[in-house]
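Inspection log for the structure reproduced underneath, given as structure tokens.
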Amino acid sequence: MRAIPRKQRAMVRKGIQHGLRGEIDPTSERFFALYADNVHRHGTPPLSRRYFRRLSEVFGDACEVLTVTDAAGRPVSGVLSFYFRDEVLPYYAGDTAQARELAANDFKYWELMRRAAGRGVRVFDYGRSKRGTGSFDFKKNWGFEPSALAYEYQLLSRDDVPQNNPLNPKYRAFIALWRKLPRPVVNALGPMLTRNLG
């Protein structure tokens with residue numbers, strides 16, 4: 001824990017003081033509820049429940065779901081990670097609106113690091129985030145140094161790279177509308193939409 005920057009360490013301790021617990025789930029069911037809630041609040045369509053089930057089936061032990069519960073045993077945050085050789089990659093995550101006040105996301109990544117180290121993992125790959133976003137800043141708070149990724153595009157029928165991401169101002173109205181739709185509607189429509197997104 002001493003390797004974590006002081007402010008981040010305080011957040012992890014806050015989660016511990018709130019009585020948070022980490023549990024490895026045998027299925028992605030609890031994770032999907034947290035993930036769907038999270039993407040709905042952010043105004044983006046979810047992938048399907050079936051997709052996450054299939055990831056678990058195909059990747060087996062290399063795909064793991066960690067769920068964080070509060071002191072009453074309610075799920076508040078979760079992450080689906082992939083293991084490869086001596087590396088862990090937390091790839092999909094979700095949480096409830098209460099997760100922030102409980103420091104559940106901070107606790108979640110600490111718990112994942114702790115458990116992964118117990119498995120002999122030496123590399124924690126925090127994944128991609130755009131500069132200037134909350135997720136980028138959150139990851140930097142852990143003391144990780146970002147590495148720029150190079151991308152190459154072949155443009156066939158346009159002169160610029162499409163900006164298919166939530167930061168694009170042209171999606172603002174859609175995001176606001178999506179947030180207002182009932183959860184069963186977005187969970188039903190979302191998987192059809194995500195097939196056609198970037």
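The values are calculated or read from the model by the stated rules, or taken from the named source; none is laboratory data. As the structure is a computational prediction, the values presented were derived from the model and not from experiment. As a convention, Cβ positions derive from the backbone with ideal geometry for all residues, glycine included, and neighbour counts pool all protein chains shown. For the accessible areas, the whole protein counts, side chains as well, though only heavy atoms, and no ligand, DNA or RNA atoms are used. Shrake-Rupley method; radii C 1.70, N 1.55, O 1.52, S 1.80 Å.
Here are the numbers for this structure:
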{"item": "Net lengthening on full extension, Tyr83/Lys7 (0.36 nm per residue, minus Cα-Cα)", "result": "24.6 nm"}
{"item": "Degrees, to the nearest 10: 104-118 long Cα axis against longest axis of the chain", "result": "70 degrees"}
{"item": "Value at 222 nm in deg cm²/dmol, rounded to 500, when DSSP H runs of n ≥ 4 in the chain each add -39,500 (n - 2.57)", "result": "-12500 deg cm²/dmol"}
{"item": "Relative contact order of segment 23-155, defined on C-alpha pairs under 8 angstrom at six or more residues apart (%)", "result": "21 percent"}
{"item": "Segment 4-94 - percent of accessible surface contributed by carbon and sulfur, probe 1.4 Å", "result": "53 percent"}
{"item": "Rounded FRET efficiency, nearest 0.05, which uses the C-beta distance separating Arg54 from Glu23 and R0 of 25 Å", "result": "0.70"}
{"item": "In Å², nearest 10: area of Leu102 left accessible to a 1.4 Å probe", "result": "30 Å²"}
{"item": "Calculated log₁₀ intensity ratio I(q)/I(0) where the Debye formula runs over C-alpha points of segment 96-159, q = 0.22 Å⁻¹", "result": "-1.05"}
{"item": "Sequence ranges 31-40, 3-12, ranked by mean other-Cβ count within 10 angstrom, highest first", "result": "31-40, 3-12"}
{"item": "For the chain, share of DSSP beta bridges that run antiparallel, in % to the nearest 5", "result": "90 percent"}
{"item": "Mean accessible surface per residue for the chain, computed with a 1.4 Å probe while every protein chain stays in place, in Å²", "result": "64 Å²"}
{"item": "Area of His42 that stays accessible when all protein chains are in place (1.4 Å probe, Å², to 10)", "result": "100 Å²"}
{"item": "Length added when fully stretched, Met192-Glu145, from 0.36 nm per residue minus Cα-Cα", "result": "13.3 nm"}
{"item": "Ellipsoid semi-axes in whole angstrom, largest first, where each is sqrt(5λ) of the Cα gyration tensor of segment 70-198", "result": "29, 23, 14"}
{"item": "0 to 90° range, to nearest 10: angle between helix 29-42 axis and the chain longest Cα axis", "result": "50 degrees"}
{"item": "Set of lysines with alpha-carbon distance to Lys180 below 25 Å, sequence-local pairs under 8 removed", "result": "Lys170"}
